[in-house]
Amino acid sequence: MYPEHHSVKNGHIDKCQVCNSSKLHLVLDLGHQPLCCSVVTKEKLNKPEVTYPLRMYWCEECSVVQLDYCIDNNILYPPQNYTYKTGITKELVEYLNNMSKSLVSKYNLKLDDLVVDIGSNDGILGVEPTNIAEMAIESGIDTIKDFFNVKIASEIKEKYGRASLITATNVFAHMATIGEVILGLETLLKDDGVFISETHYLLDVIQGGQFDTIYHEHLRTYSLKSLIKLFSYYNFTITDVERGSRYGGNIRIHATKGRNRPVSDNVANLLALEEKSGIYKLGTYKNFANRVNKAKIDFVSLILKIKEEGESVIANSCPTRAVTLLNYYGVGRDLIPCITEQPTSLRLGLYLPGKHIPIVNNELLIKEQPDYVILLAWHYAEPIMEQLKARGLKSKFIIPLPDIKVVEN
Ligand SMILES: [Zn+2]
């Protein structure tokens, strides 16, 4: 069995999800916000919209950052109407290809090795609870439409044998069923099998002022210290760690089945860096909160100034993090008339949760040539600016984070 606190209950949370400590400190209160992934349909514009508390807490004991409210999984990850698709982001597809190449070589994987990806979305053998699973199945990837747990792990083991490698990119921070998932990993993995998890990284979030990674799906934002604490409850050793650039900075851990495995120096080195960077100290989080408040004032002031001068501004791309950013900034369609997305996005024709800004085809940018374009997917600012310029966009760009920047075109 797993410790009781590794099954996070729906509703208010007052203990650390990793170490069960009560020494939690409020870092940011982002107000009550709507569900980040429930993009609003036209019909729903006339209906009430549910909001949930969105607060960022830091645990003094293990240095995890977590939310203090857990929303029911079936509400958060609906079996229908989930609109996030990995495959539409070209940079992400490239990134995942590189990741699989590096893992295949590090662990010397052969064709008969079983690799399982959890939260596989649209694209290896996947376990994915939302409707995106059907799209993956159609494109020939063996996908199980369900949440990963011990039962599913046993079924996969029955049918395909044990796995050499299990990956989870951007899902391990989301799960309320932490204990169930880790025991499932143990069930499915071979004796020397490895679990690879990649998530947002607390150090990057703090150093980059990236408060927009805080949304209801991200129950936890891990430090390495907290991940080591988490796996210390189970039959696993964190044997290696890497940092990457995805989502504006991520941490990739290698958790090998079995206790007391040999550990790469990367682990001690990164722990030392975390300590040195101050993420084990409360003062760092106070500074972070001040920086976020300033970022809000700077952003709103700039947009108001643009409006005052009679210039036009449109936002581009609607990543999930944009929901937190615009709702916390309190910016609605009076200031930003629309958000443009690429033509293949499932979000076209829908509205931003909370602020109800319409999401439209990015052809509009080229046609209207606004004075400014706000890049809400600021973590992909460079490639997006290149693509839009190549299509003939002449607008100036506003990059909202980590520090607001106007880029002349
Ligand atoms: Zn803790």
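The values are calculated or read from the model by the stated rules, or taken from the named source; none is laboratory data. Quick caveat, the model's predicted, so the values are computed rather than measured. FYI the Cβ positions are ideal-geometry reconstructions off the backbone, even for glycines, and counts take in every protein chain you see. Keep in mind that these areas ignore ligands, DNA and RNA; they rest on the heavy atoms of the full protein, side chains included. Shrake-Rupley method; radii C 1.70, N 1.55, O 1.52, S 1.80 Å.
Measure off 7 Å from each Cα along the Cα-to-Cβ vector at Glu155 and Lys101, then give the distance between these two points in nanometres to one decimal.
Going from the Glu155 label point to the Lys101 one covers 3.5 nm.
From a point 7 Å beyond the Cα of Lys190 in the direction of its Cβ, which residues of the stretch 93-115 have a backbone N at a distance under 17 Å?
Under 17 Å, as judged by backbone N against the label point of Lys190, lie 103-115 of the stretch 93-115.
Give, as a single signed number, the net charge of other residues whose beta carbon lies under 13 Å from the beta carbon of Asp29, with Lys and Arg counted +1 and Asp and Glu -1.
+1
If you average the alpha carbon positions of the stretch 95-110 and of the stretch 278-325, how far apart do those two centres end up, in angstrom?
The stretch 95-110 and the stretch 278-325 have Cα centres separated by 37 Å.
What are the aspartates and glutamates whose alpha-carbon lies under 17 Å from the alpha-carbon of Lys44, with same-chain residues fewer than 8 places away excluded?
Output for Lys44: empty list, no partners.
With both partners inside the chain, how many of the DSSP beta bridges are antiparallel, as a percent to the nearest 5?
55 percent
At a probe radius of 1.4 Å, what is the per-residue accessible area of Trp58, in Å² to the nearest 10?
The accessible area comes out at roughly 0 Å².
Per the Kirkwood formula on distinct C-alpha pairs, the Rh of the chain is how many angstrom?
The Cα-based Kirkwood calculation yields 22.1 Å.
Can you list the residues of the stretch 166-195 with backbone N under 15 Å from a point 7 Å past the Cα of Asn20, pointing along Cα to Cβ?
Backbone N within reach: 178-180.
Got a sec to turn the phi values of the stretch 377-391 into Karplus ³J(HN,Hα) couplings, 6.51 cos²θ - 1.76 cosθ + 1.60 with θ = phi - 60°, whole Hz, x for Gly and Pro?
Here the 3J(HN,Hα) series is 8, 5, 6, 10, 3, 4, x, 5, 4, 4, 4, 5, 5, 4, 8 Hz.
Where the accessible area of the chain is counted over protein heavy atoms with a 1.4 Å probe, how much of it, in %, is carbon and sulfur?
51 percent
Can you list, bin by bin at 5 Å, the percent of alpha carbon pairs in the stretch 144-251, starting at 0?
Each 5 Å bin holds this share of Cα pairs: 2, 11, 21, 24, 18, 13, 7, 2, 1, 0.
Between Asp265 and Lys47, what FRET efficiency comes out of the Förster formula 1/(1 + (r/R0)^6) with R0 = 45 Å and r the beta carbon distance, rounded to 0.05?
Result of the calculation: an efficiency of 0.25.
Please label the shape of the stretch 235-390 as rounded, prolate or oblate, based on the square roots a ≥ b ≥ c of the eigenvalues of the alpha-carbon gyration tensor (a/c under 1.5 means rounded; beyond that, a/b larger than b/c means prolate, else oblate).
The shape class here is prolate.
In Å², and per residue, what accessible area does the stretch 218-324 have when probed at 1.4 Å with the other protein chains present?
42 Å²
Taking a Cβ-Cβ separation under 4.7 Å as the criterion for a possible partner, which cysteines of the chain have none?
Isolated Cys, the chain: Cys36, Cys37, Cys70, Cys318, Cys338.
For the chain, what does -39500 (n - 2.57) per DSSP helix run (n ≥ 4), summed and divided by total residues, give at 222 nm, in deg cm²/dmol to the nearest 500?
-9500 deg cm²/dmol
Please list, in chain and number order, the residues 5+ apart from Val171 or on another chain whose amide H is under 5 Å from its amide H, with Hs placed from the backbone.
Placed amide hydrogens put Glu198 under 5 Å from Val171.
List every residue whose amide H lies under 5 Å from the amide H of Ser7, counting only residues 5 or more places away in sequence or on a different chain, with H placed 1.01 Å from N in the peptide plane.
Gly179
With θ taken as phi - 60° and the coefficients 6.51, -1.76 and 1.60, list the Karplus ³J(HN,Hα) couplings across the stretch 97-108 in order, rounded to whole Hz; mark glycine and proline as x.
4, 5, 4, 5, 4, 5, 6, 4, 6, 4, 9, 6
Please check which bits of the stretch 42-69 a label hung off His32 would reach, taking the label as a point 7 Å along Cα-to-C-beta and the cut-off as backbone N under 20 Å.
44-57, 67-69
In whole Hz and in residue order, list the ³J(HN,Hα) couplings for the stretch 335-348 that follow from phi through the Karplus curve 6.51 cos²θ - 1.76 cosθ + 1.60, θ = phi - 60°; x for Gly and Pro.
9, 10, x, 7, 10, 9, 9, 5, x, 8, 5, 6, 8, 4
Given H placed 1.01 Å from N in the peptide plane, which residues other than close sequence neighbours of Thr221 have an amide H under 5 Å from its amide H?
Val65, Gln66
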